[in-house]
1. Please give the number of the condition A:Pro25 fails out of (1) in contact (Cβ under 8 Å) with a residue 40 or more places away in the chain; (2) within 13 Å of chain B (Cβ to nearest Cβ); (3) in contact with a Gly (Cβ under 9 Å, 6 or more places away or on another chain).
2. Assess whether A:Leu60 counts as being closer than 15 Å to A:Phe109 by Cα, surrounded by 17 or more Cβ atoms within 10 Å (Cβ to Cβ) and more than 11 Å from every other protein chain (Cβ to nearest Cβ).
3. Would you mind telling me which numbered condition in (1) surrounded by 16 or more Cβ atoms within 10 Å (Cβ to Cβ); (2) more than 14 Å from chain A (Cβ to nearest Cβ); (3) touching a residue at least 40 places away in the same chain (Cβ under 8 Å); (4) touching a Gly at 6+ places or on another chain (Cβ under 8 Å) B:Thr85 fails?
4. Looking at the stretch B:92-110, which of its residues are surrounded by fewer than 20 Cβ atoms within 10 Å (Cβ to Cβ), in contact (Cβ under 8 Å) with a residue 24 or more places away in the chain and closer than 20 Å to A:Gln107 by Cα?
5. Considering only the stretch B:18-39, how many residues are surrounded by 13 or more Cβ atoms within 10 Å (Cβ to Cβ) and either outside any strand (DSSP E or B) or of a type in the set (Val, Ile, Thr) (or both)?
6. Just give me the residues in the stretch B:89-110 being under 11 Å from A:Gly42 (Cα atoms) and either more than 9 Å from chain A (Cβ to nearest Cβ) or assigned to a helix (DSSP H, G or I) (or both), in sequence order.
7. In the list A:Phe49, A:Phe45, which residue meets the criterion of being within 11 Å of another protein chain (Cβ to nearest Cβ) and among the hydrophobic types (A, V, I, L, M, F, W, C)?
8. Cβ-Cβ below 7 Å, separation at least six or inter-chain, first residue in the stretch B:29-45 and free of Cβ contacts under 8 Å to residues at least 24 places away in the same chain and within 8 Å of chain A (Cβ to nearest Cβ), second surrounded by fewer than 21 Cβ atoms within 10 Å (Cβ to Cβ) and not in a loop (DSSP other than H, G, I, E, B): which pairs?
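The values are calculated or read from the model by the stated rules, or taken from the named source; none is laboratory data. Not measured: the values here are computed from a predicted model. No Cβ is skipped: glycine too gets one built from the backbone with ideal geometry, and neighbour counts run over all protein chains shown.
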Amino acid sequence: GAGVSQSPSNKVTEKGKDVELRCDPISGHTALYWYRQRLGQGLEFLIYFQGNSAPDKSGLPSDRFSAERTGESVSTLTIQRTQQEDSAVYLCASSTHSQGLGGSYEQYFGPGTRLTVT
Amino acid sequence: RKEVEQDPGPFNVPEGATVAFNCTYSNSASQSFFWYRQDCRKEPKLLMSVYSSGNEDGRFTAQLNRASQYISLLIRDSKLSDSATYLCVVRVNRDDKIIFGKGTRLHILP
């Protein structure tokens with residue numbers, strides 16, 4: 001079946017512009033995660049959705065970052081007034097875990113969006 | 001102490017050898033454990049979940065030691081294609097927090 005998809009695959013933007021990154025999780029996966037990975041670094045947790053709500057936004061690095069999820073499906077990560085330090089690969093993952101209803105915590109990742117801020 | 005710690009490596013291992021690496025975690029409330037592999041400039045892919053009794057998948061064996069709070073991954077008869085970064089992942093039950101380690105780089109040498 002279809003895996004997690006992300007778009008665009010690459011995005012080059014000028015400093016100060018806003019960008020929107022999209023994630024389509026695996027159908028039926030209730031949990032959705034956003035991570036950031038800078039070159040040569042580990043994964044940095046950004047935000048976690050359970051259905052359409054975000055019980056954990058603790059990883060968002062600043063108020064320039066926001067995310068939403070609709071229809072328990074697609075999620076968008078928005079970065080306003082981009083800075084050069086925002087350059088990274090943004091990865092999305094989904095899993096079947098549902099609070100109180102079980103499911104698996106095994107995460108399946110999309111191919112990522114490579115963001116370059118010039 | 002970091003929540004999840006891994007030796008960054010690199011581990012340079014000749015083809016056919018056995019290699020093992022550990023991952024330590026600090027929170028005793030951790031409940032679920034996983035190993036992922038990440039190839040260069042690719043997304044992480046689930047390698048295996050780690051069960052309390054230990055589990056094996058072909059050449060890969062994962063173990064959990066709750067008393068000492070670490071998990072391990074053993075790769076037997078290593079192949080060139082095993083070259084990757086191996087990420088340890090821990091879920092803390094209390095708040096459903098999932099934490100990725102920084103990864104251990106493995107290079108299999110021909």
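1. So the condition that A:Pro25 fails would be (2).
2. Here the answer is no, as A:Leu60 does not meet what is asked.
3. Of (1) surrounded by 16 or more Cβ atoms within 10 Å (Cβ to Cβ); (2) more than 14 Å from chain A (Cβ to nearest Cβ); (3) touching a residue at least 40 places away in the same chain (Cβ under 8 Å); (4) touching a Gly at 6+ places or on another chain (Cβ under 8 Å), only one is false for B:Thr85: (2).
4. Quick first cut of the stretch B:92-110, residues surrounded by fewer than 20 Cβ atoms within 10 Å (Cβ to Cβ) only: B:92-97, B:99, B:102, B:105, B:107, B:109-110.
Among the residues that remain, those that are also in contact (Cβ under 8 Å) with a residue 24 or more places away in the chain are: B:92-94, B:99, B:102, B:105, B:107, B:109-110.
Within the stretch B:92-110, B:Val92, B:Asn93, B:Arg94, B:Ile99, B:Lys102 qualify.
5. Matching residues across the stretch B:18-39 total 4.
6. Matches in the stretch B:89-110: B:Thr104 only.
7. Values: A:Phe49 fails: within 11 Å of another protein chain (Cβ to nearest Cβ).
Answer to the check: A:Phe45.
8. B:Lys45/B:Arg37
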